[in-house]
1. Tally time: how many residues in the stretch 90-105 are over 17 Å from residue 207 (Cβ atoms) and either more than 7 Å from the ligand (Cβ to nearest atom) or of a type in the set (Ser, Thr, Tyr) (or both)?
2. Name the residues in the stretch 193-208 that are loosely packed, with under 13 Cβ neighbours inside 10 Å and either within 16 Å of residue 117 (Cα to Cα) or among the polar types (S, T, N, Q) (or both), would you?
3. If I go through the stretch 46-72 residue by residue, how many of them are of a type in the set (Val, Ile, Thr) and either closer than 21 Å to residue 222 by Cβ or more than 13 Å from the chain's Cα centre (by Cα) (or both)?
4. Being touching a residue at least 24 places away in the same chain (Cβ under 8 Å), in a helix (DSSP H, G or I), closer than 17 Å to residue 114 by Cα and out of contact with any Asp or Glu (no Cβ under 8 Å at 6 or more places or on another chain) narrows it down to one of 211, 190, so name that one.
5. Any residue that is charged (D, E, K, R), surrounded by 14 or more Cβ atoms within 10 Å (Cβ to Cβ) and free of Cβ contacts under 8 Å to residues at least 60 places away in the same chain - is there at least one of those in the stretch 49-60?
6. Of the residues 92, 108, 134, only one is in contact with a helix residue (DSSP H, G or I) (Cβ under 8 Å, 6 or more places away or on another chain) and not in a strand (DSSP E or B); which?
7. In the stretch 1-38, which residue that is part of a helix (DSSP H, G or I) and in contact (Cβ under 8 Å) with a residue 40 or more places away in the chain is surrounded by the fewest Cβ atoms within 10 Å (Cβ to Cβ)?
8. When residues of the stretch 18-44 are filtered for being within 14 Å of the ligand (Cβ to nearest atom) and more than 19 Å from the chain's Cα centre (by Cα), how many remain?
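Read-outs: derived from the displayed coordinates by stated rules, not from any lab. Keep in mind that this is a model prediction, so the values were computed, not measured. Ideal geometry is used to build each Cβ from the backbone, glycine not excepted, and the neighbour counts take in all protein chains shown.
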Amino acid sequence: VAARLRATHAVPVRVLAADLATDEGMAACRDAMDQVRLRVAVLNAGVGSVGPFADQSRAREGRMVRLNCLAVTDLAHHALTRMRATGGGDLVIVSSAAAFQPLPRMAVYAATKAFELHLAEALAREAAPDGVRVVAVCPGPTRTGFSDALRADGGDPGRRARWPWWIPSDEPAAVVAATWRALARGRPRVATGLVARAAAAGTALPRPAVVAVADGVQRLRAATGRRRGGGEAPAP
Ligand SMILES: NC(=O)c1ccc[n+]([C@@H]2O[C@H](COP(=O)([O-])OP(=O)(O)OC[C@H]3O[C@@H](n4cnc5c(N)ncnc54)[C@H](OP(=O)(O)O)[C@@H]3O)[C@@H](O)[C@H]2O)c1
């Protein structure tokens, strides 16, 4: 990505490798932010897990909360204070369609994404008078490395969770385009793709119905995965 940006736009690009689930990694990222005139910050790093909560590794679920919630809070705070001091900017927090409802078999992931959504929407309101635009991006399944990186059933490294064939998924470029459109229109959140838009619309239903539907979809995903080499099946 760095090479492509340098070649296409002739801009200096600095790459920082940091584990944002650690205090040192967050500090290194804050230091890197301090070395530029921060106009746009995209808080994108995130991990997930899939499978029954009690079967997951406790340490791994804790690291997920550190990355998806603590690091986002820490870096959003740093970005906002710097942007406020320098006349404004844009802050993008990448949440998920999972934010719109509790999600059995992805319980912690969905909870962390709801955290990000609420955080971003509140900050959008607070920071507007300072010229800082904040948007929560809630993508549905998107064709990145994410579903391959999901670990099923207690983090066994031999097992992967793939989006099954019947779940519609989008290209990352569509998510990016929708994000810039939402920022330009002053929207505090954007749901991208069919799944995310349906999930957002579903919040109008009674909560028990929403959770029951989410549970049904997750069970179907796990079952079709077992049959077809996706879902919570072992990696090939
Ligand atoms: N793809 C989807 O279907 C989907 C749907 C909804 C929401 N999202 C959200 O989109 C965001 C980006 O995910 P993606 O789809 O691009 O998946 P991805 O290809 O798996 O990318 C995840 C990104 O997070 C980084 N990351 C993971 N752990 C990290 C850590 N401890 N410290 C620093 N960086 C870390 C990874 O860096 P390395 O490559 O260096 O490990 C990678 O850049 C996530 O927040 C995810 O929740 C994805």
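1. Here the count works out to 7.
2. Result: 201, 203.
3. Looking only at that region, the number is 2.
4. The match here is 211.
5. No, because not a single residue in the stretch 49-60 is charged (D, E, K, R), surrounded by 14 or more Cβ atoms within 10 Å (Cβ to Cβ) and free of Cβ contacts under 8 Å to residues at least 60 places away in the same chain.
6. 108
7. Per the criteria, the residue is 34.
8. The number of residues fulfilling the criteria is 6.
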